[in-house]
1. Inside the stretch 48-76, can you point out the residues that are within 30 Å of G194 (Cβ to Cβ) and either touching a Cys at 6+ places or on another chain (Cβ under 8 Å) or outside any loop (DSSP other than H, G, I, E, B) (or both)?
2. With the requirement that a residue be open to solvent by 90 Å² or more (accessible area, probe 1.4 Å) and either modelled with pLDDT of 75 or more or within 30 Å of F108 (Cβ to Cβ) (or both), what does the stretch 224-247 give you?
3. Answer yes or no as to whether K159 is modelled with pLDDT under 80 and either under 30 Å from T88 (Cα atoms) or not aliphatic (A, V, I, L, M) (or both).
4. Among the residues of the stretch 72-89, are any surrounded by 12 or more Cβ atoms within 10 Å (Cβ to Cβ) and at pLDDT below 90?
5. Restrict the check to the stretch 92-103 and report whether at least one residue is modelled with pLDDT under 95 and under 25 Å from F211 (Cβ atoms).
6. Quick one: V102 ticks every box in (1) over 24 Å from N61 (Cα atoms); (2) within 26 Å of the chain's Cα centre (by Cα); (3) not charged (D, E, K, R) except a single one, so which number is it?
7. From the list T65, T43, which one is modelled with pLDDT under 90 and open to solvent by less than 60 Å² (accessible area, probe 1.4 Å)?
8. Could you identify the single residue in I256, I206, I221, I174 that is open to solvent by 70 Å² or more (accessible area, probe 1.4 Å) and at pLDDT 80 or above?
Amino acid sequence: MKTKFLIPLIAGMGLLCACKGKGSYEIANNSSSADSVKMDSTTASQSKLVKTAGIRFKVKNVQQTEERIAELTTGINGMVMHHQMGSTADRSLDVRISDDSVMRVTSFNTNADMTVKIPSSKLDEFMNQVAHMGIYVNDRSMDITDKSLDYLSAQLKLKSRTELVNQQKKGKIIIKKPEDVLNLKDDMIDQQIGARQIDDAVKNSIVTLSFYESNTINKEIIANDDPSAYNLQFFKRLGMAIENGWAVFVDVIIGIADLWVFIVAGIGVWIIIRHYKGRVLVKG
């Protein structure tokens, strides 16, 4: 008989020492909360399956496909979370068609990326309709992640913290430090947010889409930006050179005419010198 009473007594003293050892709170009454760790059958039986999918495919027209996907997403109460479309020039060639104009021929590719959030119940239907929009599908995938245990863990932790706070309010548990109460409430908020995130991920699936089209050729007439292309033709340049040469010749003649005094004086000096040399030779 003594043994039967001794075992509960030792267990109770051990629990009390463990609580006081933490220094955060102490038990004021002998009320039991063993049922706080029991999971109810409803929570235990909940299945939390999170579905995600992705697809890459080729289409005839990227812009039109993007508009159709956005319309399809809205039609099933979904939401476009992200979309981006861009074009990249692959090659370019300039063909001269006149002295001041060229035709630029450019080969470029266009692609788009989208992320949509749709009801999980519509996932298969959505993926099939999107696949039919393309010429062919390069890659298609779907992943299912079981979040049941994560959800159950969040629910049990939230229940445990809620009961602890309720007991603190009723005076059954005395929490010595006020910041510990705030930490408990913050943990409760985190558990609630985590549970809601899982619920939302189960209810709605995230789908990533990537699609592209064949390279497109674009032709445009633009001004020739090469200065050397604006040179005159050969015969025009030759005629201008002859005119410039004649103008230079005339300028030289005019320059010589301007110097006639010096020319006459030079001729006179030359005649005198020559006459003087002739007389010296005769005398000699």
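The values are calculated or read from the model by the stated rules, or taken from the named source; none is laboratory data. Given the structure is predicted, the values throughout are model-derived calculations rather than measurements. Neighbour counts are summed over all protein chains in view; Cβ atoms, including those assigned to glycine, are modelled from backbone coordinates with ideal geometry. All accessible areas refer to the heavy atoms of the entire protein, side chains included, with ligands and DNA or RNA removed. Shrake-Rupley method; radii C 1.70, N 1.55, O 1.52, S 1.80 Å.
1. Within the stretch 48-76, the subset within 30 Å of G194 (Cβ to Cβ) is 48-55, 73-74, 76.
If the condition is that a residue be within 30 Å of G194 (Cβ to Cβ) and either touching a Cys at 6+ places or on another chain (Cβ under 8 Å) or outside any loop (DSSP other than H, G, I, E, B) (or both), then L49, V50, K51, T52, A53, G54, I55, T73, T74 are the ones that fit.
2. D225, P227, Y230, I242, E243, N244, W246
3. Details: modelled with pLDDT under 80: no; either under 30 Å from T88 (Cα atoms) or not aliphatic (A, V, I, L, M) (or both): yes.
When the stated conditions are applied, K159 does not pass them.
4. Yes, because at least one residue in the stretch 72-89 is surrounded by 12 or more Cβ atoms within 10 Å (Cβ to Cβ) and at pLDDT below 90.
5. Initially, the stretch 92-103 is screened for residues modelled with pLDDT under 95, giving 92-103.
Retained after the next criterion (residues that are under 25 Å from F211 (Cβ atoms)): 92.
Yes, the conditions are met somewhere in the stretch 92-103.
6. Of (1) over 24 Å from N61 (Cα atoms); (2) within 26 Å of the chain's Cα centre (by Cα); (3) not charged (D, E, K, R), only one is false for V102: (2).
7. On the way: T65 fails: modelled with pLDDT under 90.
Matching residue, one of T65, T43: T43.
8. Details: I256 fails: at pLDDT 80 or above; I206 fails: open to solvent by 70 Å² or more (accessible area, probe 1.4 Å); I174 fails: at pLDDT 80 or above.
Of the residues listed, the single one that is open to solvent by 70 Å² or more (accessible area, probe 1.4 Å) and at pLDDT 80 or above is I221.
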